[in-house]
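Undergrad: My questions will all concern the structure given below.
The values are calculated or read from the model by the stated rules, or taken from the named source; none is laboratory data. What you are looking at is a predicted structure, and each value in this text was computed from that prediction instead of being measured. Cβ atoms come from the backbone with ideal geometry, glycine included; neighbour counts cover every protein chain shown. When the accessible area is computed, the model is the full protein with side chains, heavy atoms only, and any ligands, DNA or RNA have been set aside. Shrake-Rupley method; radii C 1.70, N 1.55, O 1.52, S 1.80 Å.
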Amino acid sequence: YETVMVVPHEEACSVDGVRISPLPVNGGRASRMLLTVPRLLARAISEKADIYHFHDPELMPAGLLLKLLGKRVVYDVHEHYRTKILSKPWLPKAARVPIAFAVDAFESAASRVYDGVVTVDGHIAKKFCGRAVIVSNFPYAPDGFEKAAPVKRRDGEFRLVYVGGLSGERGLYKMVEAMGLVEGDIRLYLAGKHSPQALEKAKKIKGFERVVWLGTVPWKKSIELQHSADAGLLLLQPSPSYKNTGEGIAKLFEYMMCGLPVLASDFPNIKSILEKEGCGLTVDPADPAQIADRVMYLAKYPDIRRGMAAAGMRAVREKYNWEHESEKLLGLYEKILAG
């Protein structure tokens with residue numbers, strides 16, 4: 001497929017055969033809704049594409065307009081939006097429930113009009129009553145990726161890594177607190193988007209002296225960082241968004257691909273994968289003492305870590321990879337194009 005991304009970006013370019021059709025980069029939610037969405041719709045129409053595949057809930061009306069123009073449209077659902085809206089701190093509490101249920105009702109109705117619906121997991125797919133295709137966020141794992149992983153360092157430091165959004169709900173503060181309880185030469189490397197407030201709050205927690213704060217890094221740099229680490233952390237905090245869905249766990253499979261044993265939240269969806277594949281440990285993500293204890297266990301037993309790492313890479317090679325998962329998406333495209 002000739003593939004075009006219509007997205008906010010600085011300039012027109014082509015990356016790995018994908019053409020970027022740039023929109024002005026606007027800040028803030030209001031400007032995205034009032035300026036970016038209309039511009040995006042106009043640009044999308046001008047592309048005269050065979051299939052339009054959109055990812056953001058604010059584009060649902062644009063998707064309906066494209067359908068009115070006779071276009072083929074796929075709606076990609078990353079999150080359970082009703083649940084997410086109920087926990088949005090920037091919305092007044094009194095407004096969250098009516099807005100959440102209004103968005104949910106609109107999404108249910110609009111999804112019946114689109115030509116296809118893609119979801120990230122079975123929990124979200126249930127809402128669409130059999131109309132959704134589940135395409136999980138598994139990593140791209142090229143042939144020979146295991147051999148390409150660099151040899152681990154030999155500097156004596158036990159290196160933990162977390163790559164992703166740096167916020168309280170993603171476990172930022174509990175990870176830092178745990179660093180204040182561990183013993184030995186253990187450091188935590190953090191990479192990802194964050195707010196200034198999150199950084200300032202993290203700095204005040206005992207344990208930050210063991211943290212290497214990298215901020216946002218390019219994806220390839222994040223892969224190098226994971227290759228250099230000894231274990232990966234995925235300590236999502238208990239919430240309806242994370243506890244029963246596949247949301248937020250894409251990095252679990254990336255850690256596995258990079259040969260990292262994983263220390264993760266003891267949620268059923270995560271625990272079942274780690275126990276089945278034997279590639280990590282689970283812990284109460286809200287308990288820094290328990291997190292610290294499990295970290296020191298991993299640091300103490302390198303043979304166990306190596307076994308978990310090998311099991312994780314094997315699982316990615318055999319099933320948790322984009323090469324296998326992409327067949328579902330390509331199958332949906334072919335079905336839509338065939339009418």
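Undergrad: Once label points are set 7 Å from the Cα along Cα→Cβ at both His55 and Leu199, what is their separation, rounded to one decimal in nm?
TA: 2.5
Undergrad: Stretch Thr216-Glu183 to full length: gain in nm at 0.36 nm per residue minus the Cα-Cα span?
TA: 9.1 nm
Undergrad: Moving on. Can you list, largest first and rounded to whole Å, the semi-axes you get for the chain by taking the square root of 5 times each eigenvalue of its Cα gyration tensor?
TA: Square roots of five times the eigenvalues give 36, 23, 20 Å.
Undergrad: Under a 1.4 Å probe, what is the accessible area of the stretch 64-182 per residue, stated in Å²?
TA: 50
Undergrad: Among Met313, Met179, what's the order by accessible area (1.4 angstrom probe), most exposed first?
TA: Values: Met313 35, Met179 0 Å².
Final ranking, largest accessible area leading: Met313, Met179.
Undergrad: Using a 10 Å cut-off on Cβ atoms, rank the peptides 85-97, 188-200 from the highest mean neighbour count down.
TA: By packing density, highest mean first, the sequence is 188-200, 85-97.
Undergrad: So what is the calculated 222 nm ellipticity per residue for the chain, using -39500 (n - 2.57) for each DSSP H run with n of 4 or more, over all residues, to the nearest 500 deg cm²/dmol?
TA: -12500 deg cm²/dmol, from helical runs alone.
Undergrad: Still on this structure, please answer the following. Quickly work out the Lys335-to-Tyr301 label distance, labels modelled 7 Å from Cα along the C-beta direction, and quote it in nm with one decimal.
TA: Between Tyr301 and Lys335, the label points sit 4.4 nm apart.
Undergrad: Moving on to the next point. With unit charges on the beta carbons (Lys and Arg positive, Asp and Glu negative) and the dipole taken about the Cα centre of the stretch 1-77, which residue among Ala44, Val18, Thr3 sits farthest to the positive side?
TA: Result: Ala44.
Undergrad: With a 1.4 Å probe and all protein chains kept in place, how much accessible area does Tyr52 have, in Å² rounded to the nearest 10?
TA: Number for this one is 20 Å².
Undergrad: Would you count, across the stretch 194-298, every pair of lysines whose alpha carbons are under 20 angstrom apart, provided the pair is eight or more residues apart or spans two chains?
TA: 7
Undergrad: How large is the accessible surface of Phe101 in square angstrom, using a 1.4 angstrom probe and rounding to the nearest 10?
TA: Around 110 Å² of this residue is reachable by solvent.
Undergrad: Which angle from 0 to 90°, rounded to the nearest 10, does the C-alpha axis of helix 288-300 make with the longest principal axis of the chain?
TA: The helix 288-300 is inclined about 70 degrees to the chain.
Undergrad: Students sometimes get this wrong: rank Lys276, Lys84 by accessible area, probe 1.4 Å, all chains present, largest first.
TA: The ranking, largest first, comes out as Lys276, Lys84.
Undergrad: Ordering Val262, Val133 from largest to smallest accessible area (1.4 angstrom probe), what's the sequence?
TA: Descending order: Val133, Val262.
Undergrad: Take the solvent-accessible surface of the protein heavy atoms, probe 1.4 Å, and return the percent of it on the stretch 45-159 that carbon and sulfur atoms account for.
TA: Accessible surface attributable to carbon and sulfur in the stretch 45-159 totals 59 percent.
Undergrad: What is the set of long-range amide H partners of Ser167 at a cut-off below 5 Å, with H atoms built 1.01 Å from backbone N?
TA: Correct list: Leu172.
Undergrad: If you line up the long axis of helix 93-111 against the longest principal axis of the chain, both from Cα atoms, how many degrees apart are they, to the nearest 10?
TA: Rounded to the nearest ten degrees, it is 60.
Undergrad: Quick check: the angle from helix 302-318's long axis to the longest principal axis of the chain, C-alpha only, nearest 10 degrees?
TA: The helix 302-318 is inclined about 20 degrees to the chain.
Undergrad: If you count only protein heavy atoms and use a 1.4 Å probe, how large is the accessible surface of His78, to the nearest 10 Å²?
TA: That residue has around 80 Å² of solvent-accessible surface.
Undergrad: Using a Förster distance of 30 angstrom, determine the FRET efficiency expected from the C-beta separation of Ser108 and Leu69, and round it to 0.05. Could you put the intermediate results ahead of the total?
TA: Values: r = 22 Å, r/R0 = 0.75.
About 0.85, to the nearest 0.05.
Undergrad: Express the accessible area of the stretch 249-312 per residue in Å², computed with a 1.4 Å probe while the remaining protein chains stay in the model.
TA: Per residue, the stretch 249-312 has 36 Å² of solvent-accessible surface.
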